[in-house]
Structure formats: C-alpha cells, structure tokens
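Remarks on the structure that follows.
The values are calculated or read from the model by the stated rules, or taken from the named source; none is laboratory data. None of the values given here were measured: they were computed from a predicted structure. We place every Cβ from the backbone using ideal geometry, glycine too, and count neighbours over all the protein chains shown. What goes into the accessible areas is simple: the full protein's heavy atoms, side chains included, and nothing from ligands, DNA or RNA. Shrake-Rupley method; radii C 1.70, N 1.55, O 1.52, S 1.80 Å.
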Amino acid sequence: MIKKNRSWTKDSRISSLIAKKQVDWSVFEYGSQIPIEFHLHFFEANDDEKIEIGKNKKIQLLYRTQIYEAALYNIYQKSANRESLQLRYDSNKELKALMISTFKSTYDYIAASRSRSNRESSKEQIKVPDEQAEYIEFYATGVPYRYEMKFITRNIVPLTQSDTPNIWWVNQGATLSAGQAEGNLWAPLKASNGRAMYHWDTMDEVKVGDIILHYANGALRSVSQVLEAAVYAPKPASFQSSGNGWEQEGRLVRVQYHALEPAILLQQFSQALIPLNIEQGPINIIGGVKQGYLFRFTLQAMQIIQARSADTAWPDFTKFASVIDPMEGEGLVEMEPILDSDVASTVQTTQAYIRRKGFQFPDHLIENFYLSLKTKPFVILAGVSGTGKTKLVKLFTEALGATSVNRQFTLIPVRPDWSDPSDLLGYKDLSGAFRPGRLTEVLLEATKPSNRHKPYFICLDEMNLARVEHYFSDLLSVLETQEWRDDRIVTASLIGKESLTTDQDQQTFGNMYLPDNVYLVGTVNMDETTHPFSKKVLDRANTIEFNYINLAQYPDEALADDDELATQVPNSFLRSDYLQLVDVYGEYRDLVHRTTEKLVKINTILEEIHSHVGFRIRDAICFYLIYNERFLLLSEDVALDMQLLQKILPRIQGSGSSVKRALLQLMEVALDKSLPIQKMMDDPTESNFKWNAGSSSESVKYPQSARKIAFMLRRLEEDGFTSYWLS
C-alpha cells in the first residue's frame, strides 16, 4: 500500500522504509516538515518513542559511510491547532552542501524559477515537474534516531575520496573467461528485436573505482575494480557465439579481475541477502539469482558475503570499515510481539468483532480455533452444510487484519476432479513454462521480506470434495519437515528447482517452501458427496466439528457493525513456538507428565482396535495444553476435552464388539467413573446413553467427548458400524 501526502510518500512493501521525501527548497535551507500521517512511522523507527511537544531529539543521518548530525523537533502550531514534527539541520553546513551538490537538478530549477518570479520573499512553493523530481528515502536502521538516507537523483553523483565506491553484481556465465582474458565487461545496447534492458543500461552508471562481483555457474568467482568508465564498442570477438540474440553494438568497461579462491557458492549467502530487498538487485525473494546482466548491489551486501566466506582471499580494494550491519538494521520487519498476558484480550477482541458482524458460534470455539492454529498451521473445520465454517475463517482472519483486499486471506474452492498437487501448486505447460497455482501465488507473496511479519490464511473450501491425500499429499509431507533456521521455521521444498525448465522459473519458483506465516484451514462436509479422511491427514490437523447448532439465536441489534475492532496482529501471535517436545519439556514438565499419563491410558484402549496414536499426536496435544496454560484461555479439563474430541476420536471407526468395548472404555475416561462394561456389551439398551452436554455437565469431566462417544455408540447399535464422521 502506498501512502501519500504533499511531498511525502511511503510504500509499505519496501522493507524498513520510513518514508520518501520529494526534494524541494526546504531541503536546501533547513530540512523538512513531516506531515502528521507520517509521524507514526518515524516514532516506530525510534522504538515507538514519541517526542514530547516542545522537545527535540538529536538524530544521525547516514549516507554511504558518512554520518550527519540533525534533529527532530515536535512543536505545537497554534494557527493549525496541531503538532508538527520537523526534521532540521539548519546549522549543518556540510549536510546542506551535500544536498545542493547531490540534487543539483532540483536546486538549479527552483533557483531559476525564484529568480524569474522574484519569489524568495513570498516563499511560494515551486513544484518541480514529476519527470524531473528527485527524492530522499529514509530507512530505519534498527537503532533509534539513526536513519539511513538513499538518494534518487537525475544525475550520477561523482565519487570523492571520502566516499565508498558503488558496488555492482554481474552475471557472466560463458562470457566470464573471455572477460577475464581481456580485462573487460561488455553488454549490448539492445536485443536483436530493438528492446533495451535496464540491466544493460546500468553500464553507463559504472564509474572508475567501482567494485564488481562476478557470478557464474552457481558461485561468485571473481571480483574486479573498474579502471575506465563505459565506452561504446562492438561485441568482442572473444565472445564468439555468446548472445546470438544481441545487437553487435554495445558498451565496454575496462576492469581488473581478481579471482576469488575458493569460489563462494550462492547458498552460502543468498538467504542472508533477501532481507536487504536491494532495489534492482540480483537476488530474488527466495534467494535465487535474477536473469539479467549488471545489477545494483550494496556495500552492506558485499560485507555479508565476505563474512560468510572466511576461507576466501579478498583483495584489499574490497575491504572497508564495517558499515551498519544490515542484518540488524535492514533485516526482516517484525511487529512488536504480543505478550502472553495480552493474548486472551486479543482473542476476546476477535470474539467481539465476530459478534458485531452478527454471528455467534459455540462456547470456546474461538479459543479452540486459535490454540489449534498455534499448535499446527493446519486445521480442519467439519460440520453440516450451513453451519458457518467458511464464515468463521473469514471473520476470524478479518478480526486479525487479514482480508482478501490486502491479500492476506485467500479462499480456494476445491474441485471434485483434483487428483494431484498440480491443482494447488501449479504445472508446466507444453512450452515448459511453469504456471503457478493459487497456493503458490500466496506463498510467493508471504515470503517477500516486507511481508514476513504478517500472517497469511488460505481457506480450502469443501476440501474433501476430492481425495485430500491425492492433491494435498505434498503439503502433508512438507508439514513434517519443519525446522528452526535463523529464528524462522522453514520446511523442505514444495517445488524443486531441478524440476523447472527455464532460468526465470527456477529463480522465481525453485525451492519454494511453506513459510511460517502461512496457515491452512480446510472446511469439510461429511455426506455422500465427499471423501473420508485417512489417518495421515488426521494426524497432522486439529479437526474441529460443530454440528450441534442452536437455531434459536439472533443478531443483537444493539451491536453496530464496527470495523475499528479489527486489529493487525504480528505473525508471532499465531506462529508455533515449539516444534519438538524437548523445546518446552523443562519448563512444563509437570503438565507434560499429567497429559502423557492420560494419553497412555487412552492408548492402551485404542491399541485393541489398532487406532492408537504416536509421538506426533502426543506432542501436538501437549503443545495445545501448554499454549492454553500460557495464555489462560480455557481450564485444563476443557482444553484436554477439546483435544480428545479433535485428535483421538476422529481415528475411531469400524464395527464389532472390540470397537464397542473401546468406546465404552473411552466413555469411562470422559465421565471419570466406572461403568458396567460387560453388562453393556451383553445388553445393547444399557449402552444407549440419554446423557447430553446440557444435563449434569458439572459431573462429567470431558462433556464434549462424552457426547460424541454416546453418539458413536448409538450409531454402532443402530447401523452395525460407527465413525466419528457419521452425521
């Protein structure tokens, strides 16, 4: 989203960008007044510290390796009856001189206009035409009151002795050996179809002393220093057949090559460069290399590579004093995490939002849905048609700030003819080009560095119209490969790079994985038109069923539709904190032991009908109960009741006395009392429970599970077969 007011703009898609200022006369005199719409972004860059009215704070403005002193003032404008935030450097002659020399085009235009119109006294604002406009971008560095400046100019600023050189990245491949032999770089002016490319035009911007990193065949293999700027020259004979689709005329830059030994493999550093989000840089959003020739790069990025290649000998001309560590200042954008003590109130706010939209759901459903997503990013909502399953997902995500408008919520209707993962992930067409599926499009959006702090939700509507194990198998398997890497949860690849044909597809979609800010929710109806679930699916999801509907409930007319209740939450609100029980065992040992002892007893019952559970379900249930204890959402008995209902009972189906005995034994657990099981086995009427959740629920330990077991027993007596899913 792009915000704009007067000469200031902000593109929320650009990582760490505070705001962008179009250069006007104030920049040359004192600084700039910041519109009130942008105050918050500067405060956020200062660790949410707001400057009191009438006070000021010293700030540092960084440009390349230089630091310039300035200040932020918060003054009260009586005439406008509002606060005014001003960035000022009135007495900093060096910074003002830098602005004049850098933005000479704007300075000359406004100065000439003032001279012609004698406007200096009137102080009327002179607007530079859009096609001539120049800009200053302010970026957060991770250090309060220290901002990095980037200049967008119409003329290239010449290097001075105090400046660092520009850094470039070139993709050479087959032309590397020829370039090394002749000590040059060459790029055509245009392709054979007459089309110019920005990554060829960049050759004109290369200056003497600049540094170029040379990439070929999966690694950085050389680094060079520019000896002469670009001149027009025909294609070198040494290039031979390389670039048959190019024109013969081009640009040539003289450089001095230095081999990097050993060469530096792309995988050593590519993931660390993603957060930098270098404008027109060579690294794409998933760490691959873009197709093209000469790309812009940065000193910070080169120093990251140097830090990750300690065994490689770098020449002296590449060694500079350490700049701000981009992994600290320009790293992944993260919103302030929600404290454990605030989770319950956030869930309550979500419930209030849903009620104000005119919908009511069973008690504890929202808490249960949240805990289920927190435990594992795959949840199944089951129930008869029309109970509001899809609406629940939509309203829940809306309340957390994720909508279809901002592309954080995506509804994907499942078709009955889906038979393999290509229906979700994508496929290669007859030409060999990859056509991404809806899910892949969401994954691409979610993995952008500027989006990694946001949760993304995918609702697979009526997901069992087709066989889930067929089209969803890749995701089910990948879910089990989650592991921590640099404070992120990553998985194995969903789309292998080697399976793609074109370089562009390999760079864009190769090694696509399931990021930790994507949550999958499937809605299902269980009837004659749908397919049942296998244990592979059930093991990996919490299955939430709400078949018991109270029709005698109505919207509250006193509750107005109030979108202001919706709140944007960080991904940390939903992302799992634990992947293995060892991650949390020491802190919650007693709770883990209490839960496991109950599961051991239940597993003994389930073994008799070959429906017992493994460590995956044991750990998932423990995580659910641990999160519940941390956030104080439900009582421990209610939480375990939910887990028995969602993780244990869906596994049970079949006929015969062994299934009946197991259900009766599970009923003993649910009621927390002994039953005359043998008598019930012999007399069918004895096991026909009249109990329901509305009566004597205080005497029942796990009422939701007990009601479901009673239902399953009744169906077993009537039909000779039972299943959790029969409705």
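Tabulated data for the structure shown
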{"item": "Some residue of the stretch 37-49 being touching a Leu at 6+ places or on another chain (Cβ under 6 Å) and either of a type outside the set (S, T, N, Q) or farther than 16 Å from residue 144 by Cα (or both)", "result": "yes"}
{"item": "Residue under evaluation residue 275, criteria (1) more than 24 Å from residue 197 (Cα to Cα); (2) touching a Pro at 6+ places or on another chain (Cβ under 6 Å); (3) open to solvent by 20 Å² or more (accessible area, probe 1.4 Å), criterion not met", "result": "(3)"}
{"item": "Among residues of the stretch 285-299, those that are part of a loop (DSSP other than H, G, I, E, B) and surrounded by 20 or more Cβ atoms within 10 Å (Cβ to Cβ), counted", "result": "4"}
{"item": "Residue match in the stretch 394-402 (condition: open to solvent by 20 Å² or more (accessible area, probe 1.4 Å), of a type outside the set (Gly, Ala, Ser) and at pLDDT 90 or above)", "result": "yes"}
{"item": "Subset of the stretch 47-62 (residues that are among the charged types (D, E, K, R) and surrounded by 14 or more Cβ atoms within 10 Å (Cβ to Cβ))", "result": "50, 57"}
{"item": "Total residues in the stretch 376-391, condition open to solvent by 10 Å² or more (accessible area, probe 1.4 Å) and under 20 Å from the mean Cα position of the chain (by Cα)", "result": "2"}
{"item": "Any pair with Cβ under 6 angstrom, 6 or more apart, that starts in the stretch 504-529 at a residue that is under 19 Å from residue 421 (Cβ atoms) and ends at one that is open to solvent by 40 Å² or more (accessible area, probe 1.4 Å)", "result": "506/497; 510/497; 511/493; 511/497; 513/493"}
{"item": "Number of the exception - residue 611 against (1) modelled with pLDDT under 95; (2) closer than 18 Å to residue 704 by Cβ; (3) not hydrophobic (A, V, I, L, M, F, W, C)", "result": "(2)"}
{"item": "Which listed residue, of 618, 630, is free of Cβ contacts under 8 Å to residues at least 60 places away in the same chain and farther than 25 Å from residue 721 by Cβ", "result": "618"}
{"item": "Helices (runs of 4 or more DSSP H) contained in the stretch 656-727 and holding at least 2 residues modelled with pLDDT of 90 or more", "result": "657-671, 703-719"}
{"item": "Cβ pairs under 6 Å, 6+ apart, first in the stretch 86-113 and farther than 26 Å from residue 57 by Cα, second surrounded by 18 or more Cβ atoms within 10 Å (Cβ to Cβ)", "result": "103/23; 103/134; 106/23; 106/128; 106/134; 109/128; 110/25"}
{"item": "Verdict on residue 537 being among the aliphatic types (A, V, I, L, M), surrounded by 14 or more Cβ atoms within 10 Å (Cβ to Cβ), under 15 Å from residue 382 (Cα atoms) and modelled with pLDDT of 90 or more", "result": "no"}
{"item": "Residue tally, condition polar (S, T, N, Q) and either open to solvent by less than 80 Å² (accessible area, probe 1.4 Å) or within 12 Å of residue 234 (Cα to Cα) (or both), over the stretch 181-196", "result": "1"}
{"item": "Qualifying residue in the stretch 569-578 (condition: of a type in the set (S, T, N, Q) and surrounded by fewer than 16 Cβ atoms within 10 Å (Cβ to Cβ))", "result": "no"}
{"item": "Residue 387 part of a loop (DSSP other than H, G, I, E, B) and in contact with a strand residue (DSSP E or B) (Cβ under 6 Å, 6 or more places away or on another chain)", "result": "no"}
{"item": "Some residue of the stretch 211-227 being in a helix (DSSP H, G or I) and either open to solvent by 10 Å² or more (accessible area, probe 1.4 Å) or not aromatic (Phe, Trp, Tyr) (or both)", "result": "no"}
{"item": "Subset of the stretch 403-414 [surrounded by fewer than 19 Cβ atoms within 10 Å (Cβ to Cβ), assigned to a loop (DSSP other than H, G, I, E, B) and not β-branched (Val, Ile, Thr)]", "result": "404, 406, 407"}
{"item": "Test for residue 43: is it aromatic (Phe, Trp, Tyr) and free of Cβ contacts under 8 Å to residues at least 24 places away in the same chain", "result": "yes"}
{"item": "Pick from the stretch 69-112, criterion open to solvent by less than 10 Å² (accessible area, probe 1.4 Å) and out of contact with any strand residue (DSSP E or B) (no Cβ under 6 Å at 6 or more places or on another chain), ranking: nearest to residue 145 (Cα to Cα)", "result": "99"}
{"item": "Qualifying residue in the stretch 549-571 (condition: under 29 Å from residue 474 (Cα atoms), assigned to a helix (DSSP H, G or I) and modelled with pLDDT of 90 or more)", "result": "yes"}
{"item": "Test for residue 579: is it hydrophobic (A, V, I, L, M, F, W, C), assigned to a loop (DSSP other than H, G, I, E, B) and modelled with pLDDT of 90 or more", "result": "yes"}
{"item": "Only one of 431, 473, 450 that is closer than 28 Å to residue 382 by Cα, modelled with pLDDT under 90 and not aromatic (Phe, Trp, Tyr)", "result": "473"}
{"item": "Pick from the stretch 10-33, criterion open to solvent by less than 30 Å² (accessible area, probe 1.4 Å) and of a type in the set (Ser, Thr, Tyr), ranking: farthest from residue 71 (Cα to Cα)", "result": "15"}
{"item": "Complete set of residues in the stretch 94-141 that are assigned to a loop (DSSP other than H, G, I, E, B) and modelled with pLDDT of 80 or more", "result": "103, 126, 127, 128, 129, 133, 134, 141"}
{"item": "Residues satisfying the stated conditions in the stretch 415-467, i.e. over 18 Å from the mean Cα position of the chain (by Cα), surrounded by 16 or more Cβ atoms within 10 Å (Cβ to Cβ), part of a strand (DSSP E or B) and not small (Gly, Ala, Ser)", "result": "434, 436, 460, 461"}
{"item": "Tally of residues being within 18 Å of residue 99 (Cα to Cα), of a type in the set (Asp, Glu) and part of a loop (DSSP other than H, G, I, E, B) across the stretch 41-86", "result": "0"}
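The rows are residues; the columns are (1) open to solvent by less than 60 Å² (accessible area, probe 1.4 Å); (2) touching a Leu at 6+ places or on another chain (Cβ under 9 Å); (3) at pLDDT 75 or above.
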| site | (1), (2), (3) |
| --- | --- |
| 301 | yes, yes, yes |
| 305 | yes, yes, yes |
| 312 | yes, yes, yes |
| 319 | no, no, yes |
| 324 | yes, yes, no |
| 329 | yes, no, no |
| 333 | yes, no, no |
| 336 | no, no, no |
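Residues are listed down the side, and each one gets a yes or a no for (1) farther than 21 Å from residue 413 by Cα; (2) not aliphatic (A, V, I, L, M):
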position: 469; (1), (2): no, yes
position: 475; (1), (2): no, no
position: 484; (1), (2): yes, yes
position: 492; (1), (2): yes, no
position: 501; (1), (2): yes, yes
